[in-house]
Amino acid sequence: MPQDYSGQNLQGCCFSGLDLSGANFSDTDIRGADFSMAILRGANFSNAVAGLPHLWSLGLISGSWVLLLISGQFSGLAGDLVTLIFDRTHPDNVSSGIASLSMLIVFFIITIRYGLGSFTFASVITVAIAVDIAFILDFAVIVTVAGVFAVTAASAAALSVALVTVVSSIITTKATIKYMVAVALTVAVIVATTLSGSHAIAKIVASIVAVAVTLLGAYMSQRTLSNDHRYKLMWSLVNTLTARGTSFHGADLTDANFTCANLKNTNFKNAILTGTCLCQSILDPL
């Protein structure tokens with residue numbers, strides 16, 4: 001006789017390798033449950049909720065907020081370094097600001113053109129440019145350091161925003177994602193204007209750079225969710241962070257019913273899906 005688990009909380013339960021043909025899992029909470037290699041022919045998972053367990057989701061959300069705050073700080077710092085252009089009292093600072101702005105422009109172009117996998121390449125190129133400028137124009141070492149730090153801060157901030165946005169798209173609503181990115185933008189502008197001194201134009205420039213860095217992260221996340229091959233590295237990282245979801249790896253789901261089920265963060269790798277019904281189910285964006 002088929003087993004009946006309907007309406008139960010089965011978070012984190014292990015059903016690996018079991019024969020559960022025809023079992024009733026309707027309206028169950030199977031977040032974090034392991035059904036790998038199980039036989040689930042004709043099983044009913046209608047209205048079931050799969051995905052990440054509560055504690056893991058809470059941990060990811062908490063970590064996301066921390067990353068957003070850090071990204072705002074880094075974005076502001078990158079913008080502040082560019083505003084050194086307006087510091088006429090110290091020639092080296094002006095040179096540092098010019099180097100920082102030049103290297104950030106190169107970094108943006110390379111990252112947008114070649115994707116996330118070019119982060120290392122972009123960093124190498126920008127460092128090389130900074131060193132060349134320092135030697136050719138006889139700038140102080142601070143010029144190179146400032147430029148490299150600007151790119152490092154910008155890449156860290158953009159990567160943080162992109163990571164948070166993609167992870168949030170998996171475990172939260174779209175409204176929450178927009179709210180979190182808005183928070184990152186706000187923090188970035190506040191930090192930028194606070195650090196850039198009293199010069200009004202410097203504050204504006206710092207804010208523009210900080211917002212641009214944050215928006216670069218948002219752009220990267222959008223390309224990741226659009227299945228852009230240049231940003232596969234980001235998706236692989238997200239998969240690592242969200243790997244604790246429900247697993248049907250290698251399971252036999254022939255004629256299984258997942259009508260109206262929430263299947264975000266669910267692993268169907270190598271599963272047999274012949275005749276499986278996924279009508280009105282919620283799946284991952286990729």
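Output wanted: per-residue J couplings in Hz (rounded whole) for the stretch 103-111, from phi through Karplus 6.51 cos²θ - 1.76 cosθ + 1.60, θ = phi - 60°, x for Gly and Pro.
5, 5, 4, 4, 4, 4, 4, 5, 5
First measure r as the distance between the Cβ atoms of residue 62 and residue 228, then evaluate 1/(1 + (r/R0)^6) with R0 = 25 Å and state the FRET efficiency to the nearest 0.05.
0.30
Where does each of 269, 232, 203 land when they are ranked from fewest to most other beta-carbon atoms within 10 angstrom?
Working: 269 10, 232 15, 203 21.
Least to most surrounded, the residues fall as 269, 232, 203.
Please order 84, 263 by the number of other Cβ within 10 Å, starting at the fewest. Display every interim value, and only then the final one.
On the way: 84 25, 263 22.
Going from sparsest to densest Cβ surroundings: 263, 84.
None of the figures in this text is laboratory data; all of them are computed from the coordinates on show. Only a predicted model underlies this, so the values are computations on that prediction, with no experimental measurement involved. In this analysis, Cβ positions are derived from the backbone assuming ideal geometry, glycine residues included, and neighbour counts consider all displayed protein chains.
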